[in-house]
1. Is it true that Arg57 is touching a residue at least 60 places away in the same chain (Cβ under 8 Å) and not polar (S, T, N, Q)?
2. Would you please list the contacts, defined by Cβ atoms under 8 Å and residues six or more apart or on different chains, that run from a residue in region 188-202 that is among the hydroxyl-bearing types (Ser, Thr, Tyr) to a residue that is more than 9 Å from the ligand (Cβ to nearest atom)?
3. Any chance region 64-74 includes a residue that's within 30 Å of Arg159 (Cα to Cα), of a type in the set (A, V, I, L, M, F, W, C) and part of a loop (DSSP other than H, G, I, E, B)?
4. Could you tell me whether region 4-16 includes any residue that is within 23 Å of Ala131 (Cα to Cα) and in a strand (DSSP E or B)?
5. Residue check: is Arg88 of a type in the set (Lys, Arg) and surrounded by 11 or more Cβ atoms within 10 Å (Cβ to Cβ)?
6. It is to be established whether one or more residues within region 140-151 are within 16 Å of the ligand (Cβ to nearest atom) and either closer than 30 Å to Asp43 by Cα or surrounded by 14 or more Cβ atoms within 10 Å (Cβ to Cβ) (or both).
7. Report, by residue number, each residue of region 28-84 that is small (Gly, Ala, Ser), surrounded by 14 or more Cβ atoms within 10 Å (Cβ to Cβ), within 12 Å of the chain's Cα centre (by Cα) and more than 24 Å from Glu10 (Cβ to Cβ).
Amino acid sequence: MFIATLTLAEMLLLDGRCSDKVQEQVDRAKEARAIGERHGLEDGLALFVRDALAEARSAGRLVFQRKPVTRCAYTGRTGEWIRPAQGRARFPKDPVQQLFSAIEVKRAFVVVQHHASIGIDADVFPRVLPALSAELQGVQAEIPEAILGAPSPWRYSDRVKARCCGWTGAALLTEVRRDPHWFGLTCPGCGGKHRSMGPVNFDRVIGEHDVVAVSRLEAPAYPASTEVRPALPGLPLAG
Ligand SMILES: [Zn+2]
């Protein structure tokens, strides 16, 4: 077997003539090429836009984080190796790799130090931003305003399953579907009132998420309750 690093143009030569697993990478290259042609971007920068777009679609959200890295996978930039000043030590110090700033867009649970998973050299980020922003318009995902250029019309939400009736959906919807007399959570499925979002009332659906339109969160999902609360028994007037 062979292990090689192929350029985008070389990947395209394999189109339709390789295993399914390799074809996945070929398709990735084809999407990047199309983005590059639409926006006049070099291959590496177009591949970053493609990967960020795919992440937004599959994960439902992106982040905008500055991160110190030793290497940028999309531009090939690597931090310079330098030997620290001698100081007072008798032996020369080991060379260290200098860090530079990258913009990371993938939200990660496990953060690898000095490595960006879908991140690009911060110096070239301004060049990819117009293409990234344009490609993300209309994508149903929560995108930081710094990337989209406007507040995102979508909110990422965990998906939960209600224990009361089995309703499954966005956790955010349980918070907004409330009436003026209830400040806890309301199950959108049966209207059941719950005090908290815990395993007693709702179970997290692991590995799944929902994306909810902000407009849906702002308007009450069903008419506010018209139920009139019984008045508290009056205290006897002091005689
Ligand atoms: Zn319910």
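1. Yes: the conditions hold for Arg57.
2. Ser196/Gly184; Ser196/Leu185
3. Yes, that holds for at least one residue.
4. no
5. no
6. The answer is no, given that none of the residues of region 140-151 is within 16 Å of the ligand (Cβ to nearest atom) and either closer than 30 Å to Asp43 by Cα or surrounded by 14 or more Cβ atoms within 10 Å (Cβ to Cβ) (or both).
7. Ala56, Ala59, Gly60
Readers should treat all values here as calculations from the given coordinates under stated rules, not as data from a laboratory. No experiment lies behind these values; they were computed from the predicted model shown. All Cβ positions, even for glycine, are placed from backbone atoms using ideal geometry, and neighbour counts span all protein chains on display.
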